[in-house]
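Chemist: Sharing a structure here in structure tokens format.
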Amino acid sequence: MKLDAIKAWFRQASFYAEEAYNAPYRSAIARAKREQDDLFMLLVFSEMMGVPNPASYYTLELQPLLLERFHDWHQRMGMEHSPLDQFRCC
Amino acid sequence: MNAVYLMLMGLGAMALGYFIYSKFICEKIFQVDPNFRTPAHELQDGVDYVPTNKYILWGHHFTSVAGAAPILGPAIAVIWGWVPAFLWVVFGTIFFAGVHDAGAIWASSRNKGRSIGALTGDIVGNRARSIFMIVIFLVLLMVNAVFAVVIANQLINFPSATLPVWGAIVVALIIGQLIYRKIIGLLLVTVIGVVALYGMIYVGPMLPFSLPEETLFGLSDRQSWIVLLFVYAAIASLLPVWALLQPRDYINGIQLFIGLGLLYGAVLIASPDVVAPAFNTDVPEGTPSLIPLLFVTIACGAISGFHGLVASGTTSKQLDKEPDLRFVGYFGAVGEGALALAAIIAVSAGFATLADWQAIYHNFGQGGVAAFTRGGANILEQGLGLDTVMAQTLLTVMVVLFAGTTMDTGLRLQRYIFQEWGSIYHIGWMQKTLPATLLAVGCCLLLAFGAGGDGAGGMLIWPLFGTTNQLLAGLTLLVITVMLVKLGRPMWYTLAPLLFLLCMTTLGLLIQLKSFYDKGDWFLFTLDLVILAAAILVILEASSALTKQIKANKAQVQSDEA
């Protein structure tokens, strides 16, 4: 019983500590991660936009996996509509 | 008079302010609605807009706004006696800062979490928005320059703090790695970090370190520290935030609570007598008049425009329920008022006799943080039995870490401004990170050295910083007032503080303008003129925006009647 109470207190304390640590910087870190992901998207879809990519054989495999993010990505990159000719998301 | 009474009176008044006045303001004037969908819910994206627990949000808001400024301002202003400083901090917190901070969160949350800068453009006008950018830039510039000088002075006065101050950066870097790579849990890391920091504070007095009086390139020790600090701040502002800024802020936050607790605890136990005069009738020669300078010397701790930037920039985007803004905004201001009050007690009750006090406050701009450190250390020694040198080291580390964090955050923000200007005016190189950072550092160094050859002149710009900061607060209050008028609610609760601030700021600028002219200090004279121009523009904008809105309201009423 007592052990449970201590455990519950510990969980509560770690929750507050984690939040206190992460809350102020959540957006800055998420933004930095998004920038890295954006670069990765460019690498994966580069061949389709006419930029030669020696690793395209491998990145081709990744394209379906990243397709879900594609629309958000091209809009974020300042292209209102899909830049691809073969298939369009919008 | 006993300092315990001072403490109880101050804290009691602020508590009344929180329980009564803030309830009135939030329920009757802002009319916060528990059912309102805050931007954190409406625009939730996991990046900027995240509903956050109100205690966490308060902690974040409070630690972002509380820094070295609420210590430095009161510690200088006590030169006019402790009563004026005490009254301005207490009443400023209750009627100015609390309303301003909570109002900034309210205004922003009612406008999709947009920042006060953007709101100024929407609600007041585009000209006001340009003024806003310039004022922010000046505030950041001055805060960086002043804090660099403050830290350098502290490191020269208290060499025992050199090791813990720079060691804290190493601790933060290690903690950052431990947490980012998820090596051990956060609670354990917290304990290790705090123990390491206080361990270094314990060791510091045994290994004091100071730079030689004359260092490379013929720079004095103060100048070398200033240059070193900016080199550090530039590097820190370029590192990813998780590496240094995040763990440093976290440790600082914990330290702030420990420091405040220790100080107030020591005051309770030691119950020292206030030795400083209630009203100093015998001020040293060259001290400017209390009105208006008191109201710009103490900015943070009474009202500070910087809070509006934090409140509308990040806090409002994380607000879970609208009524939380009372706790987060108003109580955040109360927390900062409590820090300023602790500073007042330390510098007015921390000395044995009036002669000791006068020996430190022999000139305007003297005292400051060094007086806080000495006075506070005496109280800590009497109350908790800490060794004086160690207590001094502890307080120095507290102040320097605050100032240091503000510096690297400030430099980062300045870089963003340069990059934004670069993109507005199509200057390619200015948009890149490194040149923009160097430009920001260059401006700060220019100010730190331009204000006084040996860097000591940095303190001269403190009242100027205060005026600029108040101007920023005025712009935020203007936005809130115009919004209230638009909604047909009473405007005097925000308009009265606004008018008071604008009067004091303008008067303060004019008086300083004259003193810079008399001294032939053309650098600061020009800076003062720029701020004065901004102040006049703010006044014009305020009157035109308000009259326009009031007229529009009247026309509305007439058309409704007809």
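The values are calculated or read from the model by the stated rules, or taken from the named source; none is laboratory data. Please read these numbers as outputs of a predicted model, since none were measured by experiment. Glycine gets a Cβ as well: all are built from the backbone with ideal geometry, and neighbour counts include every protein chain shown. Remember, those area values only see protein heavy atoms, side chains included, never the ligands or the DNA or RNA. Shrake-Rupley method; radii C 1.70, N 1.55, O 1.52, S 1.80 Å.
Chemist: Would you work out if chain B is rounded, prolate or oblate? Take a ≥ b ≥ c from the square roots of the eigenvalues of the alpha-carbon gyration tensor; rounded if a/c is under 1.5, else prolate when a/b is larger than b/c, oblate otherwise.
Modeler: Details: a/c = 1.36, a/b = 1.30, b/c = 1.04.
Rounded is the answer for chain B, as its axis ratio a/c remains below 1.5.
Chemist: Sticking with this structure for a sec: For chain B, which span is the longest to avoid every loop-located (per DSSP) member of GluC sites (Glu not before Pro) having at most 12 other Cβ atoms inside 10 Å? If you can, show how the numbers build up before the last one.
Modeler: Numbers: sites that count: B:E213, B:E285.
Longest gap between qualifying sites, sites excluded: B:286-562.
Chemist: If you don't mind, another one. Suppose we compare each residue of segment B:166-209 in its chain alone and in the full protein complex with a 1.4 Å probe; which ones drop by at least 40 Å² of accessible area?
Modeler: By number: B:L186, B:L187.
Chemist: Also, quick follow-up: Using +1 at the C-beta of Lys and Arg and -1 at the C-beta of Asp and Glu, which of B:G17, B:F364, B:L380 has the Cα lying farthest in the positive direction of the dipole of chain B?
Modeler: About the Cα centre, the residue reaching furthest to the positive side is B:G17.
Chemist: I would also like to ask the following. Which ³J(HN,Hα) values, rounded to whole Hz and listed in residue order, are derived for segment B:516-532 from phi using the Karplus coefficients 6.51, -1.76 and 1.60 in 6.51 cos²θ - 1.76 cosθ + 1.60 with θ = phi - 60°, glycine and proline given as x?
Modeler: Running phi through 6.51 cos²θ - 1.76 cosθ + 1.60 with θ = phi - 60° gives 5, 5, 4, 7, x, 8, 6, 4, 5, 4, 5, 4, 4, 4, 4, 5, 4 Hz.
Chemist: Based on the Cβ-Cβ distance of B:Y202 and B:L173, what FRET efficiency does E = 1/(1 + (r/R0)^6) give at R0 = 25 Å, to the nearest 0.05? Don't skip to the answer; put the middle values down first.
Modeler: Values: r = 21 Å, r/R0 = 0.83.
Here the calculated transfer efficiency is 0.75.
Chemist: Set the bar at 27 Å for Cα to Cα. Now go through B:K54/B:K112; B:K514/B:K551; B:K54/B:K432; B:K54/B:K551 and name every pair that lies beyond it. All intermediate terms of the calculation are to be shown ahead of the outcome.
Modeler: Numbers: B:K54/B:K112 19 Å; B:K514/B:K551 38 Å; B:K54/B:K432 37 Å; B:K54/B:K551 39 Å.
Pairs exceeding 27 Å: B:K514/B:K551; B:K54/B:K432; B:K54/B:K551.
Chemist: Given a Förster radius of 22 Å and the C-beta distance between A:Y16 and B:V194 as r, what FRET efficiency does 1/(1 + (r/R0)^6) yield to the nearest 0.05?
Modeler: Numbers: r = 15 Å, r/R0 = 0.70.
Working from the Cβ atoms, E equals 0.90.
Chemist: Rounded, prolate or oblate: which fits segment B:185-250, taking a ≥ b ≥ c as square roots of the Cα gyration tensor eigenvalues, rounded meaning a/c under 1.5, else prolate when a/b beats b/c? Before the final figure, lay out each step's value.
Modeler: Numbers: a/c = 5.21, a/b = 1.48, b/c = 3.51.
The shape class here is oblate.
Chemist: Among the aspartates and glutamates, select those whose C-alpha is under 20 Å from the C-alpha of A:K7, and discard any that sit fewer than 8 residues away in the same chain.
Modeler: Output for A:K7: A:E18, A:E19.
Chemist: Return the residues of segment B:315-339 for which accessible area with all protein chains present is lower than in the chain on its own by 10 Å² or more; set the probe to 1.4 Å and exclude ligands, DNA and RNA.
Modeler: Listed in order, they are B:Q318.
Chemist: What 222 nm value per residue comes from the helices of the protein assembly as shown, counting each DSSP H run with n ≥ 4 as -39,500 (n - 2.57) and dividing by all residues, nearest 500 deg cm²/dmol?
Modeler: Values: 25 runs with 448 residues, N = 652.
Taking each H run of at least 4 residues, the total per residue is -23000 deg cm²/dmol.
Chemist: Please calculate how many Å² of accessible area the protein assembly as shown carries per residue, with a 1.4 Å probe and no DNA, RNA or ligand atoms counted. Show your work: numbers first, answer last.
Modeler: Numbers: 27610 Å² over 652 residues.
On a per-residue basis, the protein assembly as shown sits at 42 Å².
Chemist: To continue, here is another question. Ignoring ligands, DNA and RNA and using a 1.4 Å probe, state the total buried accessible area between B and A in Å², rounded to the nearest 100. Numbers along the way, then the final one.
Modeler: Details: alone 21900 and 7560 Å², together 27610 Å².
Looking at B and A, the buried total is near 1900 Å².
Chemist: How many percent of the alpha carbon pairs in the protein assembly as shown exceed a separation of 49 Å? Intermediate results must be reported in sequence, preceding the final value.
Modeler: Details: 29272 of 212226 pairs.
The proportion of pairs with Cα distances above 49 Å equals 14 percent.
Chemist: Which entries in B:K28/B:K548; A:K2/B:K23; B:K28/B:K554 show an alpha-carbon gap greater than 29 Å?
Modeler: Long pairs (Cα-Cα over 29 Å): A:K2/B:K23.
Chemist: Given Cβ point charges of +1 (Lys, Arg) and -1 (Asp, Glu) and nothing else, what value in debye, to the nearest 20, does the dipole of segment B:503-562 about its Cα centre take?
Modeler: Details: 5 positive and 6 negative charges, 15 e Å.
I would put it at about 80 debye.
Chemist: Any idea which of B:W82, B:I461, B:L239 is furthest toward the positive side of the dipole for chain B, if Lys and Arg beta-carbons carry +1 and Asp and Glu beta-carbons -1?
Modeler: Toward the positive end, the furthest listed residue is B:L239.
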